[in-house]
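The values are calculated or read from the model by the stated rules, or taken from the named source; none is laboratory data. None of the values given here were measured: they were computed from a predicted structure. Glycine gets a Cβ as well: all are built from the backbone with ideal geometry, and neighbour counts include every protein chain shown. What goes into the accessible areas is simple: the full protein's heavy atoms, side chains included, and nothing from ligands, DNA or RNA. Shrake-Rupley method; radii C 1.70, N 1.55, O 1.52, S 1.80 Å.
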Amino acid sequence: MLAYISIIVSAIFVNNIVFSQFLGICPFMGVSRKLSSAVGMGAAVTFVMAFATCVTWILQTYLLVPFGLQYMQTIAFILVIASLVQMLEIVMRKVAPALYQALGVFLPLITTNCAVLGVAILVVQKEFNLLMSLTYAVATAVGFTMALVIFAGIRQQLDLVDVPRPMRGTAIALICAGLLAMAFMGFAGISIPS
């Protein structure tokens, strides 16, 4: 039980996928202009990251390793993630059109989100079992969503203040992202007793 708590705290705070591992920066900068967009993207990434991690773990464990095809890992994982996102898009369009309208814009972005691929590869490198992999994927997605929501809130507040003209837009956003990353470095001292 303590191992799972350690995985959760580490994935959300200590080794945040955006602020510590620098994965998922494109959607972090691109989708964080509005809070509603950030929440939608976070929900979509959480679902896809959890599902893709389970499928890629099974693929790695029962197909790639037994047949000595580990060198195909990255290509196989990319194909799995792209296929899952396409299937998810088709199913959502048929089954839940309202949810598809809400998240439909974000689904194609997830295919190119390196955080999803990064988590799939990290669980293999860390040699997690399936339950640990799923826990890590969901916790990482929660950390990603938290980073997006915090940053979206900051960017919305920045629209209300008088920022000097040369610093407006991307410049002040990058400075704020750097400050957030430094703030999350404070969690590096947290340790869960074994």
Problem - Selection status of Thr112, surrounded by fewer than 16 Cβ atoms within 10 Å (Cβ to Cβ), polar (S, T, N, Q) and in contact (Cβ under 8 Å) with a residue 24 or more places away in the chain - result: yes
Handout entry: Checking Asn129 against (1) closer than 25 Å to Ala44 by Cα; (2) touching a residue at least 12 places away in the same chain (Cβ under 8 Å), the condition it does not meet
Key = (2)
Exercise for the section: Just one of (1) in contact with a helix residue (DSSP H, G or I) (Cβ under 6 Å, 6 or more places away or on another chain); (2) free of Cβ contacts under 8 Å to residues at least 24 places away in the same chain trips up Leu79, so point out which. Expected result: (1)
Practice task
Determine if the range 86-95 includes at least one residue that is among the charged types (D, E, K, R), on the phi < 0 side of the Ramachandran plot and open to solvent by less than 30 Å² (accessible area, probe 1.4 Å).
Solution key: yes
Exercise for the section: Kindly check whether there is at least one residue in the range 22-35 that is in a loop (DSSP other than H, G, I, E, B), surrounded by fewer than 17 Cβ atoms within 10 Å (Cβ to Cβ) and under 16 Å from the mean Cα position of the chain (by Cα). Expected result: yes
Problem - Entirely in the range 94-163, the helices (runs of 4 or more DSSP H) that have 1 or more residues that are of a type in the set (A, V, I, L, M) and under 14 Å from Thr56 (Cβ atoms) - result: 114-125, 130-158
Handout entry: Failed item in (1) buried (at least 18 other Cβ atoms within 10 Å of the Cβ); (2) at pLDDT 95 or above; (3) within 22 Å of Tyr4 (Cβ to Cβ), with Leu59 passing the rest
Key = (3)
Exercise for the section: Output the residues belonging to the range 128-182 that are at pLDDT 95 or above, open to solvent by 40 Å² or more (accessible area, probe 1.4 Å) and not hydrophobic (A, V, I, L, M, F, W, C). Expected result: Asn129
